[in-house]
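To start, the structure itself, in structure tokens.
The values are calculated or read from the model by the stated rules, or taken from the named source; none is laboratory data. Every value quoted in this text rests on a predicted model; they were computed, and no experiment measured them. Cβ: placed from backbone, ideal geometry, glycine included. Neighbour counts: every protein chain shown. Heads up: the accessible areas ignore ligands, DNA and RNA and are worked out on the full protein's heavy atoms, side chains in. Shrake-Rupley method; radii C 1.70, N 1.55, O 1.52, S 1.80 Å.
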Amino acid sequence: MQADPQASLVAAWLCFLLLFLTAGCAPDLARTEFRDVQQLPQDSQAYLDVSSAGRPLISRQQQQRMATDFLDSHFAAWHAAQPLPTTRHPFWAVDWVQNNEVFGANLRPVDARRIQDLIRQTARADYPSLDRRAITLRGTSL
């Protein structure tokens, strides 16, 4: 049995009208003052233990060591003589796309021929073909 198209249209309009009318009943959150903002101190120092508030969390030596470790890690790519542990398997994405369904920017599955073309462009056999240090100044698809 087929539904009456006119009845479906009337039902759709009634739903729209009901939603439109009830939307005006929603609270205006931009002008609402939330209770936790009123009751809880908004100054972060209010949550500090007064007896230890002036004491550093870590020693100066530990802070220096952590800063040095961070800088060494951050600039490791500039000083490395061989691939970094995080780049030992640079073709992980190739393995992934071969075993999973891939979707494009249009949210549709990418054609298998397109995937094979992209894999061919990786030139896996020629890696590493260029050993130059560089930085990017904007988003890039490397």
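Within region 2-21, residues that are open to solvent by less than 100 Å² (accessible area, probe 1.4 Å) reach no partner that is modelled with pLDDT under 80 and not in a loop (DSSP other than H, G, I, E, B) with beta carbons closer than 8 Å at six or more positions or on different chains. Of the candidates 36, 49, the single residue that is of a type in the set (Asp, Glu), in a loop (DSSP other than H, G, I, E, B) and free of Cβ contacts under 8 Å to residues at least 40 places away in the same chain is 49. The sole residue among 93, 67, 81, 77 that is of a type in the set (A, V, I, L, M) and exposed (fewer than 10 other Cβ atoms within 10 Å of the Cβ) is 81. Taken across region 31-38, residues that are open to solvent by 100 Å² or more (accessible area, probe 1.4 Å) and at pLDDT 85 or above do occur, with at least one present.
Note on region 98-142: among residues that are among the charged types (D, E, K, R) and modelled with pLDDT of 90 or more, the one that is most open to solvent (accessible area, probe 1.4 Å) is 113.
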